[in-house]
Every structure is written in structure tokens, then in C-alpha cells.
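K.L.:
Structure in C-alpha cells, see below.
The values are calculated or read from the model by the stated rules, or taken from the named source; none is laboratory data. This structure is a prediction, so every number in the text was calculated from the model and none was measured. Counting neighbours? That spans all protein chains shown, and the Cβs are built from the backbone with ideal geometry, glycine included. The protein model used for the area step is the full one, side chains on, heavy atoms only, and it has no ligands, DNA or RNA in it. Shrake-Rupley method; radii C 1.70, N 1.55, O 1.52, S 1.80 Å.
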Amino acid sequence: MKKKITILVFMFWIMAGTVGCIGSAVPSQEERFKQTANAVTVAAIVRKLSLPFTQTVVMKTVIAEFTRASRINSQTPESTPTFEEITTTPSMTATPQPMSIPTVINVPIYTPVTGICNWAGYIMDVTYPDGTQVSPGGTFRKTWRIQNLGNCAWGPNYLLMYEMGTQMNAPIYLPVTQGNVPPGGIIDISVDLMAPTTPGNYQAIFRLRSPDGSNIPINNHGDGSLWALVSVGLPQPCNWAGFIMDVTYPDGTTVNPGEAINKVWRIQNIGSCSWNSNYQLLFSSGDRLGAPDFIQFTQNIIPPGGFIDILIKLTAPNNAGTFTSYFKMRAPDSSIFGTGSNADGSIWVKVVIMPTPTITPSVTPIIPTLTITPSVTPVTPTLTVTFSATPVTPSPTVTPSPITPTQTPVTPSATPITPTLTPETPSPTPP
């Protein structure tokens with residue numbers, strides 16, 4: 001409560017100071033507009049500062065931003081305090097350089113991804129955001145705030161690897177941490193760099209690498225890399241954009257065929273000219289995804305160092321595959337500009353459309369249960385007699401073979417035969 005009262009009193013003091021001392025002349029309409037803009041800027045900063053900041057940091061940030069806004073409105077060519085001067089004490093000796101203050105972004109805290117060992121989430125550039133002016137040959141420490149979104153803890157064998165671009169005296173690799181970063185933990189990763197002596201815009205690109213040698217994806221940060229992009233000894237170009245993060249649909253997001261895609265990028269104005277409603281987002285190349293040729297990407301004034309979330313509505317194709325659509329910005333004078341060291345890089349949306357799955361029904365054989373109830377129906381047999389007219393074949397006539405008698409000699413028995421005498425009865429004499 002004390003902190004809120006202190007901040008409100010301080011805001012009242014600032015807004016009162018913008019009106020001027022009592023008895024001064026009535027300000028013109030233009031001066032009143034500037035004073036109102038300053039008060040709104042201060043109120044917006046106080047409202048958007050996240051809880052981890054201390055009261056002292058809030059005070060210093062409000063003072064620095066109010067001073068910067070006043071200089072811009074009054075067109076006084078004075079340098080902007082560095083982020084280190086506002087929030088922390090630099091841990092190395094370096095020439096103070098004007099740079100934009102990335103404290104007006106709500107710091108996102110991501111939810112860890114389940115089932116994936118190594119994954120990272122970009123939160124913010126703690127020091128030296130894109131387009132920071134540095135002195136030729138000057139040393140500076142670039143710091144990113146990263147969250148461990150995977151299921152594996154990070155240790156000294158997790159590395160920040162230089163990959164490509166201008167090396168700026170960066171080591172080939174260095175440990176991400178000397179301690180332990182558990183899943184969901186947040187860490188500031190720093191690398192010491194040296195600006196080239198030749199005027200120009202320079203970019204060094206880095207990757208996070210796991211112990212098995214694979215690159216760790218960095219959610220919501222373009223192609224998954226980290227970079228330092230500085231300007232050496234050159235006047236700030238009028239139109240220059242700095243990519244901050246993918247607010248929605250980070251690279252490789254899987255979408256359904258025909259799905260509506262509301263793509264949002266967070267972009268910083270790192271040039272010297274303010275953006276207004278005459279600035280456009282222009283379709284550049286790649287897969288159109290239903291994008292119009294251009295859209296008006298802001299209706300407000302985005303001053304140098306300011307941030308904006310740019311929304312474009314797209315539609316996923318109906319066929320499967322990986323689709324990438326590229327965009328750049330167009331100024332009122334029809335000049336095309338973008339991101340990167342030459343202010344000509346694109347921002348993009350990259351989505352993956354999966355094929356519509358073919359559902360093959362699984363056939364489970366159904367074995368019916370058959371219940372038989374016997375019915376007793378008397379059956380009257382029907383006798384059908386079929387006569388077969390089969391011709392009878394007569395039996396062949398058998399011709400008897402002549403039999404030759406076999407004579408067996410009879411041996412007379414020596415038993416005497418006594419004749420039986422029967423009295424003869426005389427036959428009647430015929431008459």
C-alpha cells in the first residue's frame with residue numbers, strides 16, 4: 001500500500017511539473033498535447049511494470065522514461081539512458097550507449113511443455129535490444145532472459161553456441177550456467193562482445209545446445225535463435241524494425257486444414273522515425289495463406305523505441321504440408337523496410353498442416369448366441385416306391401459233364417448170409 005501511495009504521489013508531482021509553475025503563461029494547444037502525452041506515458045509505464053521490480057526500480061524507470069519522452073517531444077538531441085542505468089549496475093566497464101528501454105512489455109512466464117526434455121522460452125532482451133548504438137571498438141555485455149520449458153534441468157554441460165553473423169569477439173561456446181536451472185526456472189544468459197571498428201550494423205546469432213549436440217528450440221522467438229544486433233558509428237536509420245517475439249503461432253505450430261490463424265508479432269521501432277497509421281504490413285513472398293496485399297498495422301503513434309503487436313488474419317490451406325508466409329513493412333514514402341542488420345529482413349508465420357486422418361473401423365467379430373427350442377412336430381413318413389425296370393439276364397444253360405464212374409472193388413464179406421424164406425403166396429389166376 002505504501003508503494004502504491006508513493007507512486008501515485010510521484011505521478012502527481014510529475015504531472016504537476018508538466019503544467020509549469022503558478023503564474024506562468026497559459027500553454028498552447030501543442031504544449032498541452034505534449035504534457036498530456038507525457039502523463040499518459042508515465043501512467044502506462046507504472047501500470048505495465050511487473051511485480052518483480054522493486055520500488056526503487058519503478059521510480060528510476062518512470063524518471064528515465066519521462067525524461068526520454070520529454071526530450072523526444074522537445075526534440076532535444078540528448079542521449080537516452082541505458083537499460084543498465086535504470087534497472088541494475090553494469091557488471092563490466094563499458095561506454096554508456098543510448099538504447100531503448102524494454103520495460104513496457106508485460107513479461108510472459110510460460111508453462112513448461114510436458115513430455116519434452118529440452119525446450120526454452122524467450123522472455124526479453126535484458127540489455128542491448130536490437131538497434132542499440134555502440135561506439136566503434138566498444139565492449140558490451142548482451143543478456144537475454146530465458147525460461148527452461150522442458151522436463152530436463154540445465155547444468156554446465158548446456159551451452160550457448162555462436163552460430164553465424166558477425167562474431168564480434170564472441171567465444172565459440174560458453175556454459176549457459178554454472179549451477180542448475182530446473183524445469184520452469186528462469187535464467188539470464190550473457191555474452192561479452194566487442195563492436196567492430198568499422199561503421200555499420202552488425203548481428204551475431206547464437207543457439208542453445210543440449211549435451212547431446214542438438215539445438216534447443218526457443219519458443220516464440222523466430223527461428224529459435226538468440227542474437228545481438230547493434231549499430232556502430234552510424235546515424236540511426238529512419239525506418240527500422242526489431243523483431244521481439246511471436247505472440248501467437250510460433251514457428252512449427254500445428255493447425256487443422258482450413259483453420260483461421262490470427263498471427264501476432266511483437267515488433268519494436270528501432271529507427272529514428274515514429275510510425276503512424278500510414279505505415280503498412282506488406283505481404284512479401286512465400287505461401288499467401290489468404291493474406292491481403294497489405295494491411296494498416298497501427299492506428300497510433302509508435303515512437304522510436306516503442307513496441308507494437310501486429311495482427312494479421314490468415315487461413316490455413318486444406319492440404320497437408322509446411323507453409324511459410326513472409327512479410328515486411330512499407331513506409332508512407334513507399335520504401336520497404338524490415339528487420340536485421342540491413343533493415344531489410346522479413347517477419348514470417350510458419351505453420352504445419354497435418355493430413356486429415358483416415359479412420360479405419362476396427363471389425364470385431366460378433367459370435368451370436370444361438371438358443372434352440374425344439375418343436376415336436378409329428379412327421380408322417382411318405383413312402384415312395386420306385387420300380388426299376390432292370391432286364392433280367394437269364395442264367396446260362398449248364399451242360400453236364402460226363403461222369404466216369406469209379407469202380408471200387410468190393411471185398412466179399414466172410415459173414416455167411418442166411419437167406420430169409422418168405423412163403424410164396426400164389427397169385428390169383430385170372431378168370
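K.L.:
Is it true that residue 252 is on the phi > 0 side of the Ramachandran plot and in contact with a Lys or Arg (Cβ under 8 Å, 6 or more places away or on another chain)?
P.N.:
Considered against the rule, which asks whether it is on the phi > 0 side of the Ramachandran plot and in contact with a Lys or Arg (Cβ under 8 Å, 6 or more places away or on another chain), residue 252 comes out as yes.
K.L.:
Next question, about the same structure. Out of 374, 361, 357, I need the residue that is under 32 Å from the mean Cα position of the chain (by Cα), modelled with pLDDT under 65 and assigned to a loop (DSSP other than H, G, I, E, B). Which one?
P.N.:
Details: 374 fails: under 32 Å from the mean Cα position of the chain (by Cα); 357 fails: modelled with pLDDT under 65.
Going through 374, 361, 357 in turn, the sole match is 361.
Condition check ((1) surrounded by fewer than 14 Cβ atoms within 10 Å (Cβ to Cβ); (2) in contact with a helix residue (DSSP H, G or I) (Cβ under 8 Å, 6 or more places away or on another chain); (3) of a type in the set (A, V, I, L, M)) across all residues:
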{"position": "182", "(1), (2), (3)": "yes, no, no"}
{"position": "210", "(1), (2), (3)": "no, no, no"}
{"position": "218", "(1), (2), (3)": "no, no, yes"}
{"position": "225", "(1), (2), (3)": "no, no, no"}
{"position": "234", "(1), (2), (3)": "yes, no, yes"}
{"position": "240", "(1), (2), (3)": "no, no, no"}
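K.L.:
Scan region 104-132 for residues that are of a type outside the set (A, V, I, L, M, F, W, C) and surrounded by fewer than 21 Cβ atoms within 10 Å (Cβ to Cβ) and jot them down.
P.N.:
Correct list: 106, 108, 110, 111, 112, 114, 115.
K.L.:
As an exercise: evaluate residue 267 against (1) among the hydrophobic types (A, V, I, L, M, F, W, C); (2) closer than 15 Å to residue 131 by Cβ; (3) open to solvent by 40 Å² or more (accessible area, probe 1.4 Å) and give the number of the one condition it does not meet.
P.N.:
(3)
K.L.:
Looking at this structure, is residue 300 of a type outside the set (D, E, K, R), open to solvent by less than 40 Å² (accessible area, probe 1.4 Å) and without any contact (Cβ under 8 Å) to a residue 40 or more places away in the chain?
P.N.:
Criteria not met by residue 300.
K.L.:
Still on this model: Considering each residue of region 181-199, count those that are in a loop (DSSP other than H, G, I, E, B) and either under 23 Å from residue 114 (Cα atoms) or touching an Asp or Glu at 6+ places or on another chain (Cβ under 6 Å) (or both), and give that number. Let's see the steps before the verdict.
P.N.:
Within region 181-199, the subset in a loop (DSSP other than H, G, I, E, B) is 182-185, 195-199.
With either under 23 Å from residue 114 (Cα atoms) or touching an Asp or Glu at 6+ places or on another chain (Cβ under 6 Å) (or both) added as a condition, the list becomes 182-185.
Looking only at that region, the number is 4.
K.L.:
Related question: If I go through region 256-300 residue by residue, how many of them are farther than 27 Å from residue 125 by Cβ, hydrophobic (A, V, I, L, M, F, W, C) and within 23 Å of the chain's Cα centre (by Cα)?
P.N.:
So the count comes out to 4.
K.L.:
Here's another thing I want to ask about it. Just need a number here: residues in region 197-208 that are more than 28 Å from the chain's Cα centre (by Cα) and open to solvent by less than 30 Å² (accessible area, probe 1.4 Å).
P.N.:
The qualifying residues number 1.
K.L.:
Would you be able to say whether some residue in region 219-228 is over 18 Å from residue 158 (Cα atoms) and over 19 Å from the mean Cα position of the chain (by Cα)? First the steps, then the outcome.
P.N.:
Residues of region 219-228 that are over 18 Å from residue 158 (Cα atoms), as a first pass: 220-223, 228.
Keeping just the survivors that are over 19 Å from the mean Cα position of the chain (by Cα) gives 228.
So far as region 219-228 goes, yes, one or more of its residues are over 18 Å from residue 158 (Cα atoms) and over 19 Å from the mean Cα position of the chain (by Cα).
K.L.:
Further question on the same structure: Go through region 117-180 and tell me which strands (runs of 3 or more DSSP E), entirely inside it, have 3 or more residues that are within 27 Å of the chain's Cα centre (by Cα).
P.N.:
Values: elements: 120-127, 132-134, 139-148, 159-165, 173-175.
It comes to 120-127, 139-148, 159-165.
K.L.:
Another question about this same structure. Is there a residue being farther than 26 Å from residue 122 by Cα and more than 25 Å from the chain's Cα centre (by Cα) anywhere in region 311-331?
P.N.:
There is at least one residue in region 311-331 that is farther than 26 Å from residue 122 by Cα and more than 25 Å from the chain's Cα centre (by Cα).
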